[in-house]
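These notes are about the structure you will find just below.
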Amino acid sequence: MSSLTIESSRFGQLKVDSGSVLEFPEGLIGLAGSRYAMIAQDPEAPFMWLQSLDDPSLALPVTNPHRFFADFAVEVVDEDAERLELATSSAMDVYVTVRAAPALEDFTANLKAPILVRAGQAWQVINQAPGCELRVPLFPGRAADSAAANGD
C-alpha cells in the first residue's frame, strides 16, 4: 500500500497508510472538511485519532464503542439505512468521538452521533437507539471511586 505525508499540529509531520484515509461524503457534523486519516499510535490502544487532512489543527479522539459499552447498538432512521445501503452491504466499523479530560472519570463518548466506516468511506449518523446520549461517561466506575474518595 502507498503512504502519504500529512501535517498535523498535534503530531507534526506524519506518514500515514493510504488505507487509513477516510472520505466523509457528507462531512462531519459541525466540522469542515471531508477527508480524514485514522491514526493509531498502537493498534491495541483503545483510542485513535481522526486527523483532518484539510485542517492540520483538527484531530478528534475516537474509539470503538464496543470496547466500553457491551450493549451498544446503532439504530438509524430508514432514510439513513437506505442511503448507506445498510441492509445489503458488508459490515461497517463503528467509532464514536471522545471528549478527553484531565481526569479519566471525566472522559465521555458521543454515542448519539457514531461514525460508520466501510471501504474508505465514513458517515456520521444520528443514533436512534435508546440510551445513546451525547456525553456518556467512558469510565463510570472511576467517577464513583473518585466521589467516594472525596467523601461525596
Worksheet item: Could you list, in sequence order, the residues of region 1-44 that are among the hydrophobic types (A, V, I, L, M, F, W, C), without any contact (Cβ under 8 Å) to a residue 40 or more places away in the chain and farther than 23 Å from LEU84 by Cβ?
Response: MET1, LEU4, LEU14, VAL16, ILE39, ALA40
Discussion item. Among the residues of region 93-103, what is the count of those that are loosely packed, with under 14 Cβ neighbours inside 10 Å and either farther than 28 Å from GLY19 by Cβ or in contact with a Ser or Thr (Cβ under 8 Å, 6 or more places away or on another chain) (or both)?
Written reply: 3
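For the condition closer than 23 Å to MET38 by Cα, modelled with pLDDT of 90 or more and not acidic (Asp, Glu), what is the one hit in PRO114, PRO130? Working first, answer last.
Values: PRO130 fails: closer than 23 Å to MET38 by Cα.
After ruling out the rest, the residue left standing is PRO114.
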Worksheet item: Is it the case that region 52-64 has a residue that's at pLDDT 95 or above and among the β-branched types (Val, Ile, Thr)?
Response: yes
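Each row is one residue, and each column tells you yes or no for (1) touching a Gly at 6+ places or on another chain (Cβ under 6 Å); (2) of a type in the set (A, V, I, L, M, F, W, C).
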{"residue": "GLN41", "(1), (2)": "no, no"}
{"residue": "ASP55", "(1), (2)": "yes, no"}
{"residue": "VAL96", "(1), (2)": "no, yes"}
{"residue": "GLU105", "(1), (2)": "no, no"}
{"residue": "LYS112", "(1), (2)": "no, no"}
{"residue": "GLY120", "(1), (2)": "no, no"}
Item to complete: State whether the residues of region 67-88 include one that is of a type in the set (S, T, N, Q) and in contact (Cβ under 8 Å) with a residue 12 or more places away in the chain.
Response: no
Fill in: In region 109-133, residue surrounded by the fewest Cβ atoms within 10 Å (Cβ to Cβ) [restricted to those that are touching a strand residue (DSSP E or B) at 6+ places or on another chain (Cβ under 8 Å) and closer than 13 Å to PRO65 by Cα]
ALA113
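Listed here are the residues, each with its yes/no results for (1) of a type outside the set (S, T, N, Q); (2) in contact with a Leu (Cβ under 6 Å, 6 or more places away or on another chain); (3) modelled with pLDDT of 90 or more.
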site	(1), (2), (3)
LEU4	yes, no, no
LEU14	yes, no, no
GLU26	yes, no, yes
ARG35	yes, yes, yes
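The values are calculated or read from the model by the stated rules, or taken from the named source; none is laboratory data. These figures come from a predicted structure and were not determined experimentally. Cβ coordinates were reconstructed from backbone atoms using ideal geometry, including for glycine residues, and neighbour counts include every protein chain displayed.
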